[in-house]
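*Asks:* Below: one structure in structure tokens.
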Amino acid sequence: MSEFTTPYMAYAEIWPIIVVLGAGIIGLALEAFLPRGSRFLPQVAVAALGLVAALVGTVYVGANLDEVADRDAQGVIGGAGSVVVDGPTVFLWGLVLVFAGLGLLLFAERRLEQGVSAFAGQAAALPGTEAEKRTQGLEHTEIYPLMMFAVGGMLLFPASGDLLTMFVALEVLSLPLYLMTGLARRRRLLSQEAALKYFLLGAFSSGFFLYGIALTYGFAGSMDLAAIDVAVRSDLGNRGLMLMGLAMLAVGLLFKVGAAPFQAWTPDVYQGAPTAVTAFMAACTKIAAFGALLRLFYVAFGAERWTWMPVLGGVAALTMLVGVLMAIVQTDVKRMLAWSAVAHTGFLLTGVIGVQSPTELADGQVTSLQAVMFYLATYGFATVGAFAVVMLVRDASGEATGMDRWVGLGRRSPLVAGVFSLFLLSMAGIPLTAGFTGKWSVFVVAMSAGMWPVVLVAILASVLGVFFYVRQIKIMFFSAPTEASASVVTPSPLVVTVITVGVIGTLALGLVPGPVLDLASHAGQFIR
């Protein structure tokens, strides 16, 4: 009879996840025991302290990773292989926590809604009913523990060492987002519709992913990513089962990142959700989902790269074209940014199909993993900053997201319009912005892998994308204001901080990308 060995849990390395989830639990206790009128400040404080402590812990773990790493590997495997803390994991954790912190500042904004937050007082109250009227001035502070649980799932997602843990992380990050999407104080029906659509979209994603887990387990006899890699390299008899499992897993993750043709309802979710929630999930969810996708393809199915690379290349090309073509015909700023996010998913996938091994590259050239991580950083700053600006353009009905309401904004509020233009130019990939450096990095690694047809499509999509970004700038600066034009409200220090950080990040990563690229390079590769 074999003796049971207690698995090494690596608590010292995963404590950023524990801190974030612990803050979520404390938030639930505050909801249960504090009077409703006095919950706001404690909830914000607990969430902020949790994110700051987790970020400090992430920096500490990253700085000491070499000292505690397993032999011949730059990282730690804990929980009997269920959690892997390596360089890329720590880098992605840092990005998630930074953008979650910026999202928290937008969540806590109260000046724009006359002393209350942008979230409905009671999510279940139907628009126009007495229940809604009774809760109009109340705070929906449950949003903060929901956010912390979502962040906890986002941290676990790219750190998952087996498929079952990855599925649990997917559900932990997704379920709070479904609820948060339906909490908009204004346009309640649109917000509730977005929440339902997001739930259905997520259900499809989870279903495909779970079916893929079952097929992959049938092929490899294990859900551990390292064991799957061994089976892929040695077991040629069940190749059909392996390919079906890989296809289902890929579809599940492509749903989550918003790739075509799995992007259905993504723009509806972006438009209907509270803008603070849109900013948070647009940046953080994409970072976590791409982290999981990279670990799955590079660790578990790295030996089959020449099988899945052409398929992902086709998905990337389709995603870029669908994103830019649909963005061109939009008349709503949030929907335009949503389709822009779909296009950026295609650019990120272009980086995924690049060269993975440093030995195949020239000295000083980044790998596809490092290029994608850098692109995620550039994308996050521009995205969070852009949605923070959207929160400021308002009329009597709340946020004015119709493009006709932004006419002449540059003449009324040149600073706000100029900042928004900077974010748009970065998304377009204009030189001297972070977006240009990010696109250049993913294009180079894709070309090094011989995927030049996808790079040509990416360049075409970038050229087409310039049209709708510049069109928005033209609307703001080169059109005279009309009676229908909205105005810019005075932001609180919270929103100003978010926009300022977004501007600094966008400019710094465009003008001086070296430090972050070096940080991504130092992160190394995934361990098995």
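Values in this text are rule-based calculations from the coordinates and carry no lab data. Since this is a predicted model, take the numbers as computed values, not measurements. When we count neighbours, we look across all protein chains shown, and the Cβ atoms used for this are built from the backbone with ideal geometry, even at glycine.
*Asks:* Determine, for each peptide in 339-347, 248-256, the mean count of other beta carbons within 10 angstrom over its residues, then list the peptides with the highest first.
*Replies:* Values: 339-347: 26.4, 248-256: 23.6.
Result, highest mean Cβ count within 10 Å first: 339-347, 248-256.
*Asks:* Calculate the dipole size of the chain relative to its Cα centre from +1 charges on Lys and Arg beta carbons and -1 charges on Asp and Glu beta carbons; express the result in debye to the nearest 20.
*Replies:* Numbers: 28 positive and 30 negative charges, 332 e Å.
Around 1600 debye, computed over the chain.
*Asks:* Ranking Y144, Y178 by Cβ neighbours within 10 Å, fewest first, what do you get? Intermediate values should be presented prior to the final figure.
*Replies:* Numbers: Y144 28, Y178 21.
Fewest-to-most Cβ neighbours within 10 Å comes out as Y178, Y144.
*Asks:* For R471 and L200 in the same chain, what is the full-extension length gain: residue separation times 0.36 nm, less their Cα-Cα distance, in nm? Walk me through the intermediate numbers first.
*Replies:* On the way: separation 271, 0.36 × 271 = 97.56 nm, distance 3.35 nm.
In short, 94.2 nm is gained.
*Asks:* Does anything in the stretch 392-418 have its amide N under 18 Å from the 7 Å Cα→Cβ label point of T331, and if so which residues?
*Replies:* Answer for this model: 400-408.
*Asks:* What FRET efficiency do you get for R111 and W452 if R0 is 30 Å and r is their Cβ-Cβ distance, rounded to the nearest 0.05? Each step should come with its number before you reach the end.
*Replies:* On the way: r = 50 Å, r/R0 = 1.68.
Step by step, r from the Cβ atoms, then E = 0.05.
*Asks:* Starting at the first residue of the stretch 92-99, write each ³J(HN,Hα) from the Karplus equation 6.51 cos²θ - 1.76 cosθ + 1.60 with θ = phi - 60°, in whole Hz, x for Gly and Pro.
*Replies:* Calculated HN-Hα couplings, in order: 5, 4, x, 4, 4, 5, 4, 6 Hz.
*Asks:* Just list whichever of K197/K439; K197/K256; K286/K334; K286/K439; K286/K474 have alpha carbons separated by over 19 Å in the model shown. Kindly include the intermediate steps, with their values, before the conclusion.
*Replies:* Numbers: K197/K439 31 Å; K197/K256 13 Å; K286/K334 17 Å; K286/K439 16 Å; K286/K474 29 Å.
K197/K439; K286/K474, as the Cα separations exceed 19 Å there.
*Asks:* Further question on the same structure: Answer with a single label: of [x] 23.3; [y] 27.5; [z] 24.4, which was calculated as Kirkwood radius over Cα pairs in Å from the structure in view?
*Replies:* [x]
*Asks:* Does a label point 7 Å from the Cα of S397, set along Cα-to-beta-carbon, have any residues of the stretch 473-503 with amide nitrogen under 17 Å, and which are they?
*Replies:* 482-488
*Asks:* Under 5 Å between amide hydrogens, which residues at least 5 positions from D86 or on another chain qualify, with H placed 1.01 Å from N in the peptide plane?
*Replies:* V76
*Asks:* Testing the spin-label approximation: label points 7 Å from Cα along Cα→Cβ at L190 and A80. State their distance in nm.
*Replies:* That separation, rounded to one decimal, is 4.9 nm.
*Asks:* So, one more: Starting from the Cα-Cα distance between L415 and S479, subtract it from 0.36 nm times their residue separation and give me the gain in nm to one decimal. List each step's numbers first, then the result.
*Replies:* Working: separation 64, 0.36 × 64 = 23.04 nm, distance 1.63 nm.
In short, 21.4 nm is gained.
*Asks:* Turning to a different aspect of this structure: How much FRET efficiency would the formula 1/(1 + (r/R0)^6) give for T490 and A303, where r is the Cβ-Cβ distance and R0 is 45 Å, rounded to 0.05? Walk me through the numbers before you get to the answer.
*Replies:* Working: r = 57 Å, r/R0 = 1.27.
Efficiency at R0 = 45 Å is approximately 0.20.
*Asks:* Would you please state which residues of the stretch 190-221 a label at R239 would reach in this model, taking the label point 7 Å out along Cα→Cβ and a backbone N cut-off of under 17 Å?
*Replies:* Under cut-off, by backbone N: 219-220.
*Asks:* Over the chain, what is the relative contact order in percent, taking alpha-carbon pairs closer than 8 angstrom and at least six residues apart? List each step's numbers first, then the result.
*Replies:* Numbers: 943 pairs, mean separation 81.1, N = 528.
The normalised contact order for the chain reaches 15 percent.
*Asks:* OK, next. Let me have the 222 nm mean residue ellipticity of the chain computed from DSSP H runs of 4+ only, each contributing -39500 (n - 2.57), with the sum over all residues rounded to the nearest 500.
*Replies:* Numbers: 21 runs with 356 residues, N = 528.
Using -39500 (n - 2.57) per qualifying helix, the result is -22500 deg cm²/dmol.
*Asks:* Which order do the peptides 200-212, 42-54, 311-323 come out in when sorted by mean C-beta neighbours inside 10 angstrom, highest first?
*Replies:* Numbers: 200-212: 18.2, 42-54: 20.2, 311-323: 22.4.
Highest-to-lowest ranking by the protection proxy: 311-323, 42-54, 200-212.
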